[in-house]
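Here the structure is laid out as structure tokens; the discussion comes afterwards.
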Amino acid sequence: MKYCIYILMTLMMVMAAGCSSSKDAGKITSAASTVRTASGVTTNSTSSRNAAALPKAVIYKMNGDYSQYVPITLSRSGKQVISYPAPSDLTANSTPLEIGDGWWLDRRGAIGNHTAFLTYTYDQYRALKQAPTSDELMNHIKSEAKVSEYKTLPITLNEALKDPSQLQQYIK
């Protein structure tokens, strides 16, 4: 019995030591850095852990005006649906914001390498009682609609929405 109590006390001490915290735990640090995105946008920024965790704004061009059609994300092969919204996820502010010269600001975080556009407009999709199945979504892809170019910006979506005129600098 003494042996079991001794082992139990030793385990409790080890666990207590592992739970101690340092003075620096939870501190948010920042550092100036140069960031280069895949699209070639370079910026000098001061960032913190919180700012780094926020998604960056994305601007994009299409091979036609498909701005009223709901984008979804497909697998690399294009044969499976990876991500799509529920009808209740879409609001009047979900549609992309035109910023000029054929460029749009993605307000949903849905545009990337494997984006496809549905035959559903935002209004039609919002009116659905439930989200379509993956097979239904695959049958509603506008095959001609493509993202021709996109850029991940060094600012967050909220920063972009505060002053959309600043986005002009990224489309040149």
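The values are calculated or read from the model by the stated rules, or taken from the named source; none is laboratory data. No experiment lies behind these values; they were computed from the predicted model shown. Heads up, the Cβs are rebuilt from the backbone with ideal geometry, glycines too, and the neighbour counts pull from every protein chain shown. Please note that ligands, DNA and RNA were not included when accessible areas were found on the heavy atoms of the full protein model with its side chains. Shrake-Rupley method; radii C 1.70, N 1.55, O 1.52, S 1.80 Å.
Details
- Taking the criterion of being surrounded by 14 or more Cβ atoms within 10 Å (Cβ to Cβ) and not in a helix (DSSP H, G or I), the residues of the stretch 154-172 that qualify are PRO154, ILE155, THR156, ILE171.
- Selection count, the stretch 63-74, where residues are under 23 Å from LEU128 (Cβ atoms) and open to solvent by less than 80 Å² (accessible area, probe 1.4 Å): 8
- Matching option when the condition is over 19 Å from the mean Cα position of the chain (by Cα), at pLDDT below 60 and part of a strand (DSSP E or B), among SER47, SER33: SER33
Residues checked against (1) in a helix (DSSP H, G or I); (2) open to solvent by 70 Å² or more (accessible area, probe 1.4 Å):
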{"site": "GLY112", "(1), (2)": "no, no"}
{"site": "LEU118", "(1), (2)": "no, no"}
{"site": "TYR125", "(1), (2)": "yes, no"}
{"site": "LYS129", "(1), (2)": "no, yes"}
{"site": "ASP135", "(1), (2)": "yes, yes"}
{"site": "MET138", "(1), (2)": "yes, no"}
{"site": "SER143", "(1), (2)": "no, yes"}
{"site": "GLU149", "(1), (2)": "no, yes"}
{"site": "THR152", "(1), (2)": "no, no"}
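- Just one residue in the set ASN93, ASN139, ASN63, ASN113 is modelled with pLDDT under 95, over 22 Å from ALA53 (Cα atoms) and not small (Gly, Ala, Ser); that residue is ASN93.
- Close pairs (6 angstrom Cβ cut-off, 6 or more residues apart or separate chains): more than 17 Å from ALA160 (Cβ to Cβ) in the stretch 49-67, aliphatic (A, V, I, L, M) and at pLDDT below 95 anywhere: ARG49/ILE28
- Residue within the stretch 92-109 that is assigned to a loop (DSSP other than H, G, I, E, B), of a type outside the set (D, E, K, R) and surrounded by fewer than 18 Cβ atoms within 10 Å (Cβ to Cβ) present: yes
- Scanning the stretch 126-166 for residues that are among the acidic types (Asp, Glu) and either without any contact (Cβ under 8 Å) to a residue 24 or more places away in the chain or farther than 18 Å from PRO71 by Cβ (or both) returns ASP135, GLU136, GLU159, ASP163.
- Exactly one residue among TYR125, TYR84 is farther than 17 Å from LYS146 by Cα and modelled with pLDDT of 95 or more, and that residue is TYR125.
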